[in-house]
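The values are calculated or read from the model by the stated rules, or taken from the named source; none is laboratory data. Just so it is clear, the model here is predicted, and its values are computed rather than measured. Every residue, glycine as well, gets a Cβ built from its backbone with ideal geometry; the counts of neighbours run over all protein chains shown.
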Ligand SMILES: C[S@@+](CC[C@H](N)C(=O)[O-])C[C@H]1O[C@@H](n2cnc3c(N)ncnc32)[C@H](O)[C@@H]1O
């Protein structure tokens, strides 16, 4: 092997090591999130003389085993997710081990990322989604051999809850600008229209939009019973301009509760975020949306930024999406006998789907792909 080849081998091994480290750190961070360790630790003062808590104090306040909590704290310090300082000279813990007494705390930045779901930089939902998804590994491996897939409803509550938490920063902090940057729609929604939100999961997008546009009437739909139940519970009672319905988009035209549906051309606008690529039949779903829109209506459709060419997906975020496709987006579609488009359908395929569903106009309205965020398309019937 030449010197250059050996250097490539070493670089690749280092990269794989980083990925493995990320997997382990994610698993341990997930445990800390679920056990309330990050949130409790974030309550400890992080400056001045009395800053931080010991492992004994933290474990006692959560009624957890001190030894496990101490090892968790050490793992999170090593990961740079939390901080510690030695507050005592070395203490003999017996059995020949000598350890200093440490106090642990979180900086403002660490709190914003690991201890506040409402923060624009909150990441714990990603741990919940990731570790929740890993539970399906044996089932998905079976699908490699036998075909088929794992339906969304069988992925477990961590997955839908994780998606909800991952998207809090998006829907609370970023969504206002998606609509504000889209003046014709923003103006119509401000005046008051009928709006359909498709595949809403726990309903956060619908709730946030209903808050911002009180004159517009919103229908949020999702076929997942657990998600719709969460959405109904999360909707503040004073918001009377929204309804949630448990239905697929394809099933809405024949839904028995006609209060949601006033026949063809029911809606002035529709929004669909991170849904179409998961579906059994994306063209049928888009065709249904088109039939539900008024002739002068529009669909704002968002898909994760990325390409159908895997070589173009070598950034951190795209690589993650390309991988999670197997455990989520592709498999939920395959479970229904769908084609399993996968997470990253790219702009060209999105346009092809829109044309096949007979939309007359397809425009890329908001491209934040340089940040590996989302593509937003505007489709006219
Ligand atoms: C990746 S999640 C996105 C949820 C939400 N839009 C968000 O971004 O947080 C995809 C959602 O699509 C829903 N879904 C699946 N099949 C659907 C269908 N045929 N019609 C409408 N929604 C569907 C799922 O139940 C799930 O909640």
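Here is a yes/no grid of residues against (1) at pLDDT 95 or above; (2) more than 20 Å from residue 152 (Cβ to Cβ); (3) away from the ligand (no atom under 16 Å from the Cβ):
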| residue | (1), (2), (3) |
| --- | --- |
| 185 | no, yes, yes |
| 192 | yes, yes, yes |
| 215 | yes, yes, yes |
| 222 | yes, no, no |
| 231 | yes, no, no |
| 241 | yes, yes, yes |
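Residues in the range 202-213 that are in contact with a helix residue (DSSP H, G or I) (Cβ under 7 Å, 6 or more places away or on another chain) and more than 15 Å from the ligand (Cβ to nearest atom) were compared, and the one that is farthest from residue 166 (Cα to Cα) is 213. Within the bounds of the range 360-368, is there any residue that is within 16 Å of the ligand (Cβ to nearest atom) and over 24 Å from the mean Cα position of the chain (by Cα)? Among the residues of the range 360-368, not one is within 16 Å of the ligand (Cβ to nearest atom) and over 24 Å from the mean Cα position of the chain (by Cα), which makes the answer no. For the criterion of being under 16 Å from residue 107 (Cβ atoms) and assigned to a helix (DSSP H, G or I), residue 12 fails. Kindly establish whether residue 268 is in contact with a strand residue (DSSP E or B) (Cβ under 8 Å, 6 or more places away or on another chain), at pLDDT 95 or above and in a strand (DSSP E or B). So residue 268 fits the description; yes.
Please indicate, with yes or no, whether at least one residue in the range 126-139 is more than 19 Å from residue 274 (Cα to Cα), out of contact with any strand residue (DSSP E or B) (no Cβ under 7 Å at 6 or more places or on another chain) and crowded, with 18+ Cβ neighbours inside 10 Å. Checking the range 126-139: at least one residue is more than 19 Å from residue 274 (Cα to Cα), out of contact with any strand residue (DSSP E or B) (no Cβ under 7 Å at 6 or more places or on another chain) and crowded, with 18+ Cβ neighbours inside 10 Å.
Filter the range 318-349 for residues that are without any contact (Cβ under 8 Å) to a residue 24 or more places away in the chain and within 13 Å of the ligand (Cβ to nearest atom); which is surrounded by the fewest Cβ atoms within 10 Å (Cβ to Cβ)? That would be 321. Against the criterion of being within 11 Å of the ligand (Cβ to nearest atom), modelled with pLDDT under 95 and either closer than 23 Å to residue 164 by Cα or in contact with a strand residue (DSSP E or B) (Cβ under 7 Å, 6 or more places away or on another chain) (or both), residue 279 does not qualify. Going by the structure shown, is residue 199 touching a strand residue (DSSP E or B) at 6+ places or on another chain (Cβ under 6 Å) and within 14 Å of the ligand (Cβ to nearest atom)? Yes; evaluated as a whole, the condition is true for this residue. Determine, yes or no, whether residue 378 is farther than 19 Å from residue 163 by Cβ and under 24 Å from the mean Cα position of the chain (by Cα). Considered against the rule, which asks whether it is farther than 19 Å from residue 163 by Cβ and under 24 Å from the mean Cα position of the chain (by Cα), residue 378 comes out as yes. Restricting attention to the range 282-310, the residues that are under 24 Å from residue 188 (Cα atoms), assigned to a strand (DSSP E or B) and more than 9 Å from the ligand (Cβ to nearest atom) add up to 10. Considering (1) more than 24 Å from residue 286 (Cβ to Cβ); (2) out of contact with any strand residue (DSSP E or B) (no Cβ under 7 Å at 6 or more places or on another chain); (3) surrounded by fewer than 17 Cβ atoms within 10 Å (Cβ to Cβ), the lone condition that residue 165 does not fulfil carries the number (3). Residues in the range 310-343 that are over 21 Å from residue 137 (Cβ atoms) and under 15 Å from the mean Cα position of the chain (by Cα): 2 in all.
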